[in-house]
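Asker: I am attaching a structure below and will ask some questions about it afterwards.
Read-outs: derived from the displayed coordinates by stated rules, not from any lab. Worth saying up front: this structure is predicted, and the values here are computed from it rather than measured. With ideal geometry, Cβ positions are generated from the backbone for all residues, glycine too; neighbour counts draw on all protein chains shown.
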Amino acid sequence: MELLATSIADRAYAHIRADIVFGRLEPGGKLRLDRLAKEYGASVSTVREILSRLSSEGLVIAEEQRGFRVTPVSPEGLQDVAAMRLLLESYALPLSFAAGDLEWESRVVAAHYKLAAMERRMLSGETEDVELWKRYDREFHQTLIEACGSQTLLDLYVGVFDQYLRYQMVAVVFRGEIAAEEHRLLLDCALTRDAARACEILGRHVNGCVAYTLGSGALR
């Protein structure tokens, strides 16, 4: 019985978290415990625990005597999250490039193959699979650093990247061929183990995305 309860709680947590990250639960929106309990198939107490956990991850705000709401988005919030993502990823890339083996290389190539396929679809005007595209984007960047040797670093990165990803989903950010080319260059750097160039490209990649998003006015 306890295992079943844990499984229900884990599934509800994963679903609620994904719905926040991918923008299905609107930034700033009120999170009603009774509605969420019914929608996600968990008890009210379980949902309350999940939202408290998501609050510690920065995805939910707990308001005293007023319940919970999805953390709002703002230009300042994007810049803050992007700076933290760049800090962690730039630190992890050289470590991963130095330690990565042939199996790691194959995973990087496979992750890029899927991402590049989705980017070609987006460039051709197919925009119905935006969430899948961003999932592949996340997978590629995480695979690039997964050989860094620090699980603590990877755990921190996942949390920060998902906050960054939420901004991309809210603004529906797609920089077209520029971003696709930056991904191709990052792949080349991984295979040649050129960490210095990879960090330079990553800086352009993240800062370019921030500038594009702020310029679009989507966060006003």
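Asker: At 0.36 nm per residue, and after removing the present C-alpha to C-alpha distance, how many nm does the segment from residue 175 to residue 64 gain when stretched out fully?
Answerer: Values: separation 111, 0.36 × 111 = 39.96 nm, distance 3.98 nm.
Taking residue 175 through residue 64 to full extension adds about 36.0 nm, to one decimal.
Asker: Note down the magnitude of the dipole of segment 1-115 about its Cα centre, charges +1 on Lys and Arg C-beta and -1 on Asp and Glu C-beta and zero elsewhere, to the nearest 20 debye.
Answerer: On the way: 14 positive and 16 negative charges, 100 e Å.
Charge dipole of segment 1-115: 480 debye, to the nearest 20.
Asker: Further, regarding this structure: Let me spell out the model: positive unit charges on the Cβ of Lys and Arg, negative unit charges on the Cβ of Asp and Glu, origin at the Cα centre of segment 31-82. What dipole size does that give, in debye rounded to 20? Walk me through the intermediate numbers first.
Answerer: Details: 7 positive and 8 negative charges, 59 e Å.
Result for segment 31-82 is approximately 280 debye, rounded to the nearest 20.
Asker: Here is a further query. Hey, with R₀ at 22 Å, roughly what FRET efficiency would residue 19 and residue 211 work out to, going by the Cβ-Cβ distance, to 0.05?
Answerer: On the way: r = 28 Å, r/R0 = 1.27.
Efficiency computed from Cβ-Cβ geometry: 0.20.
Asker: Of the options 16, 71, 93, report the single residue whose Cα projects farthest towards the positive end of the charge dipole of segment 11-138 (beta-carbon charges: Lys, Arg +1; Asp, Glu -1).
Answerer: Value computed over the given set: 16.
Asker: Could I ask something else about it? State the extension gain, in nm to one decimal, for the chain segment bounded by residue 106 and residue 120, taking 0.36 nm per residue of separation less the distance between their alpha-carbons.
Answerer: Numbers: separation 14, 0.36 × 14 = 5.04 nm, distance 2.11 nm.
Extending this stretch completely gives an extra 2.9 nm.
Asker: Here is a further query. Among 48, 121, 35, which one moves the most in a GNM of the chain with springs linking Cα atoms closer than 10 Å?
Answerer: Residue with maximal mean-square fluctuation among 48, 121, 35: 35.
Asker: Here's something else I'd like to know. Nothing charged except the Cβ atoms of Lys and Arg (+1) and of Asp and Glu (-1): what's the magnitude of the dipole of the chain about its Cα centre? Round to the nearest 20 debye.
Answerer: In total the dipole reaches around 600 debye.
Asker: Please order 102, 144, 154, 123 by the number of other Cβ within 10 Å, starting at the fewest.
Answerer: Details: 102 7, 144 27, 154 17, 123 12.
The fewest-first ordering by Cβ neighbours comes to 102, 123, 154, 144.
Asker: Net charge near residue 98, counting Lys/Arg +1 and Asp/Glu -1 over other residues with Cβ under 14 Å of its Cβ? Let's see the in-between values first.
Answerer: Values: positive: 193; negative: 101, 105, 146, 194.
Local net charge: -3.
Asker: For segment 120-182, run through the GluC sites (Glu not before Pro) and keep only the ones in DSSP coil with at most 12 other Cβ atoms within 10 Å of their Cβ. The partial results should precede the final answer.
Answerer: Working: sites: 126, 128, 131, 139, 146, 177, 181, 182; in loops: 126, 128, 146.
In loop regions of segment 120-182 (DSSP not H, G, I, E or B), the sparsely surrounded GluC sites (Glu not before Pro) are 126, 128.
Asker: How big is segment 1-134 by the Kirkwood estimate over distinct Cα pairs, in Å? Intermediate values should be presented prior to the final figure.
Answerer: Numbers: mean 1/r = 0.0560 Å⁻¹.
The answer is 17.9 Å.
Asker: Okay, next question. Sum -39500 (n - 2.57) across every DSSP H segment of at least 4 residues in the chain, then divide by the residue count to get the 222 nm mean residue ellipticity, nearest 500. Kindly include the intermediate steps, with their values, before the conclusion.
Answerer: Details: 9 runs with 163 residues, N = 220.
When only DSSP H runs of four or more count, the value is -25000 deg cm²/dmol.
Asker: Roughly what angle does helix 130-145 make with the longest principal axis of the chain, taking Cα atoms, 0 to 90 degrees, to the nearest 10?
Answerer: 60
Asker: Provide the net charge surrounding residue 126, with neighbours chosen by a C-beta distance below 12 Å and charges set as Lys +1, Arg +1, Asp -1, Glu -1. Intermediate results must be reported in sequence, preceding the final value.
Answerer: Numbers: positive: 120, 121; negative: 119, 128, 129.
Taking every other residue near residue 126 into account, the sum is -1.
Asker: Report the residue, chosen from 98, 195, 171, that carries the largest GNM mean-square fluctuation when the chain is represented by alpha-carbon nodes joined by springs under 10 Å.
Answerer: 98
Asker: Report, ordered by chain and residue number, the lysines lying within cross-link reach of residue 114, taken as a straight Cα distance under 19 Å and ignoring same-chain residues fewer than 8 apart.
Answerer: Cross-link targets: 134.
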